[in-house]
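Bear in mind these aren't lab numbers, they're just calculated from the coordinates by the rules spelled out. Owing to the predicted nature of the structure, the values given are computational and were not obtained by experimental measurement. For neighbour counting, all protein chains shown are included, and Cβ atoms are generated from backbone atoms with ideal geometry for every residue, glycine included.
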Amino acid sequence: MADIAATTAGRRWHKPPFIKNPKLRWGLYTGAAVYFILASYSILAEVNWLRVYEGLPRGAKFIGGFFPPFPFSNILETGQFEELAAQRLIDISDGLVESLTMTVTSTVIGILISIPIGLGAARNIAPLPVYLICRGIIAVSRSFQEIIIAIFCVAMFGFGPFAGVVTLSFATIGFLSKLLAEEIESMDPGQAEAIRATGSRWPQWIVYGVQPQVMPRLIGLSLYRLDINFRESSVVGIVGAGGIGSTLLTAFDRYEYSTAASILLIIIGIVFLAEYSSGKIRARLQ
Amino acid sequence: MPVRSEAGLKVWQRRDRNKQLRIWGGWFAGILVFVFCWQIISGETTWFFVWDSPRVAADISSRMWPPRWGYIYKIWDPLLDTINIATLGTVLALFMAVPVAFLAARNTTPNAYFIRPAALFIIVSSRSINSLIWALLLVSIIGPGVFAGTIAIALRSIGFCAKLLYEAIEEIDHTQVEAIEATGASRWQIMAYGIVPQIMPAFAGITVFRWDINIRESTVLGLVGAGGIGLQLNASMNILAWPQVTLILLAILVTVLFSEWVSAKVRGAII
């Protein structure tokens, strides 16, 4: 006992490092440092600082656009509600209605298609060929960004919200079927077997044995996807697939920062509301 | 147990009548909303183009194949730019997300009535605005280029990282913090020795997860002029060079799969 105390007395305690192996730790640190210096250099060398400097007043104008946002700023400046401002307000509300309808339609269509695909992609209820096909569809839908799919949809279906609906439905399928399939794969086999044992046919087995187990999760995921689809519907408009995104793009192109600010505030408000209420509903279901 | 009698026999039902009616009412309202929305969409659609789309799709796909492999020498640099945007954007975001997360977590916030709501507002606004919109805004303010893309990715990631991080902070084991407190440690020492070691695995996981998402998002930032491979994609589309588009899409696919693989490996090693 005595010599342990003697040997440890003079040493200080140190916090154990996050990565235990010292060679790996220092190797990672130096590698990261070298990479960051090179990468920052490559990015900063390309920056046109004069252009950034010129842009600063515009940035200030954008932030100023929030106080107060568009319809109010116009009333404050001119003392009245101009015809042009009314037109702009109509543009905003049109874009918003389009975004919201696109969100609802694409979520419903997406759910309807993703339920059979989700069933097919669950290994414990689908035969192997069906499983592989369904997993393939999911993989394709998940690997490309909504915006890239939107570009192709616009090329195929022309400008307008229909292209957006197809894009968002397609993206919904990848998300929802994958998570639904995982939920089905981790369900309790006992309940499903009990229904089987009563002599049920396949559809009855799905409705009474599988569906009650995954329903709360499916509703939760659908609400979550509704949320995501609204957010994405504000973006697909940038490539011409309808929604509030095209209104926003026009506002930025014309340097109408107070209009852009009010659109952004509306988006933030709706997303916040949707997130809050879907959180409440999900908490009640589980 | 809900039972319906049918010619003197008791038949089992899953729900009683009132509950069944309520469920049907809910479905009915839902279908009404859907039909209403669909009518708005279909009113704004030119159906001629939609019926024509199979022909257009066949036409485009016949032009897209085979990919123009020679073009690959021109996309190495933009691909590297894309990865740089994602990585530096993630790092920048983390620098800003960590303080926001500590201000937003219920157990570490200095003031639950003013500072916490402000931090939550930062998180919500950063999360609800897509990185393409941030990029659109920044391109219009500081000019097109990789720099705008990096800042856009960073601004977008703050909310995501801060949200997951503050949830991790709220879930820590309080007894460890108390043990450090009992030694007479200061506020910062409690943070460094009681809280940080507990959230470190979550932090590393969130970083890699977000990096993976950022790679995906930075591939399309170029569409609005914010640098990366999207610039080439946009340019090729504008001149209708479909074989180049195919090659770029393949390159994006490989990059995304690579980043997903890296992120899965690293997260597997941490957890």
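Over 20 Å apart: what share of the alpha carbon pairs of the stretch A:95-181 falls there, rounded to a whole percent?
On the way: 1372 of 3741 pairs.
The answer is 37 percent, as a whole percent.
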Classify chain B as rounded, prolate or oblate, taking a ≥ b ≥ c as the square roots of the eigenvalues of its Cα gyration tensor: rounded when a/c is under 1.5, otherwise prolate if a/b is larger than b/c and oblate if not.
oblate
Mind listing which GluC sites (Glu not before Pro) in the stretch B:147-199 are in a DSSP loop and have 14 or fewer other Cβ atoms within 10 Å?
B:Glu171
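For a 31 Å ceiling on Cα separation, which of these pairs sit above it: A:Lys20/A:Lys178; A:Lys15/A:Lys280; A:Lys15/B:Lys265; A:Lys178/B:Lys163; A:Lys280/B:Lys19? The partial results should precede the final answer.
Details: A:Lys20/A:Lys178 36 Å; A:Lys15/A:Lys280 41 Å; A:Lys15/B:Lys265 26 Å; A:Lys178/B:Lys163 24 Å; A:Lys280/B:Lys19 21 Å.
Exceeds cut-off: A:Lys20/A:Lys178; A:Lys15/A:Lys280.
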Equivalent-ellipsoid semi-axes (√(5λ), Cα gyration tensor) for the stretch B:112-228, whole Å, largest first?
35, 15, 11
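Only Cα pairs under 8 Å and at least 6 apart count here; give the relative contact order of chain A as a rounded whole percent.
On the way: 284 pairs, mean separation 66.8, N = 286.
So the answer I get is 23 percent.
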From the mean inverse distance of alpha carbon pairs (Kirkwood) and the Cα radius of gyration, derive Rg over Rh for the stretch B:50-182.
1.21
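Taking the number of other C-beta atoms within 10 Å as the exposure measure, put A:Tyr41, A:Tyr257, A:Tyr35, B:Tyr193 in order starting with the fewest.
Numbers: A:Tyr41 10, A:Tyr257 25, A:Tyr35 13, B:Tyr193 16.
Exposure proxy ranking, most exposed first: A:Tyr41, A:Tyr35, B:Tyr193, A:Tyr257.
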In chain A, which whole DSSP H runs stretch at least 18 Å along their own axis (Cα) and average 0.5 or higher on the Kyte-Doolittle scale?
A:22-46, A:83-120, A:128-143, A:161-185, A:257-285
Under the 7 Å Cα-to-Cβ spin-label approximation, B:Phe28 and B:Glu260 lie apart by a distance in nanometres of 4.4 nm
For the stretch B:62-78, 3J(HN,Hα) per residue [Karplus equation, 6.51 cos²θ - 1.76 cosθ + 1.60, θ = phi - 60°, Hz, x = Gly/Pro]
5, 6, 6, 10, x, x, 8, 4, x, 5, 4, 5, 8, 10, 4, 4, x
How big is the charge dipole of the stretch B:47-176 about its Cα centre, in debye rounded to the nearest 20, if each Lys and Arg gets +1 on its Cβ and each Asp and Glu gets -1 on its Cβ?
280 debye
Specify the inter-centroid distance of the stretch A:20-58 and the stretch A:115-173, based on alpha-carbon positions, in whole Å.
37 Å
Quick one: divide the alpha-carbon radius of gyration of the stretch B:179-256 by 2.2 N^0.38 Å and tell me what you get.
1.92
At q = 0.12, 0.13, 0.18 1/Å the base-10 log of I(q)/I(0) from the Debye formula over the alpha-carbon atoms of the stretch B:5-99 is -0.89, -0.89, -0.95
Radius of gyration and maximum dimension Dmax of the stretch A:148-262, Cα, Å:
20.5, 68
GNM result for chain B, Cα springs below 10 Å: residue of B:Gly230, B:Gly205, B:Gly70 fluctuating most strongly
B:Gly70
Beyond 46 Å, what share of the Cα-Cα pairs of the protein assembly as shown is found? Please give it as a whole percent.
22 percent
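Ranked from highest to lowest mean number of other Cβ atoms within 10 Å per residue, what is the order of the peptides B:48-61, A:162-175?
Values: B:48-61: 13.1, A:162-175: 26.1.
Packing order, densest peptide first, comes out as A:162-175, B:48-61.
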Quick check: net charge around B:Gln244, other residues with Cβ under 14 Å of its Cβ, Lys/Arg +1 and Asp/Glu -1?
+3
Can you give the log10 of the normalised intensity I(q)/I(0) at q = 0.15, 0.17, 0.21, 0.30 Å⁻¹, computed with Debye over equal Cα scatterers of the stretch B:71-127?
-0.56, -0.63, -0.78, -1.10
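Net charge near B:Tyr166, counting Lys/Arg +1 and Asp/Glu -1 over other residues with Cβ under 11 Å of its Cβ?
Working: positive: B:Arg106, B:Arg116, B:Lys163; negative: B:Glu167, B:Glu170, B:Glu171.
Neighbourhood net charge equals 0.
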Restricting attention to the alpha-carbon atoms of chain A, what are Rg (one decimal) and Dmax (integer), both in Å?
27.2, 92
Calculated from DSSP helices alone, with each H run of at least 4 adding -39500 (n - 2.57) and the total divided by the residues of chain A, [θ]222 nm to the nearest 500 comes to -26000 deg cm²/dmol
Surrounding net charge for A:Ile117, when Lys and Arg each add one and Asp and Glu each subtract one, Cβ distance under 11 Å:
+2
Under a Gaussian network model of chain A whose springs join Cα atoms within less than 10 Å, the largest fluctuation of A:Ala197, A:Ala121, A:Ala274 belongs to A:Ala197
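Which residues make up the longest stretch of chain A that has no trypsin sites (Lys or Arg not before Pro) in a DSSP loop with at most 16 other Cβ atoms within 10 Å? Could the numbers behind the result be given before it?
Details: sites that count: A:Arg11, A:Arg12, A:Lys20, A:Arg123, A:Arg201, A:Arg254.
Longest run free of exposed loop sites: A:21-122.
Using 0.36 nm per residue, how much length does the chain from B:Val56 to B:Gln13 gain when fully extended, once their Cα-Cα distance is taken away? Intermediate results must be reported in sequence, preceding the final value.
Working: separation 43, 0.36 × 43 = 15.48 nm, distance 5.13 nm.
Full-extension gain reported as 10.4 nm.
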Sorted largest first, extent of the stretch B:107-181 alpha carbons per principal axis (Å):
52, 24, 17
Summing -39500 (n - 2.57) over every DSSP H run of at least 4 in chain B, dividing by its residue total and rounding to the nearest 500, the 222 nm mean residue ellipticity is -25500 deg cm²/dmol
Under the classification rounded if a/c is under 1.5, otherwise prolate if a/b is larger than b/c and oblate if not, where does the stretch A:80-131 fall, given a ≥ b ≥ c as square roots of the Cα gyration tensor eigenvalues?
prolate
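How many partner chain Cβ atoms sit within 10 Å of a residue's Cβ in peptide B:235-241, on average, as a whole number? Before the final figure, lay out each step's value.
On the way: counts 0, 0, 4, 0, 0, 1, 0.
What the average comes to for B:235-241 is 1.
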Pick out which of A:Leu265, A:Leu96, A:Leu176 has the largest mean-square fluctuation in a Gaussian network model of chain A, springs linking Cα atoms closer than 10 Å.
A:Leu265
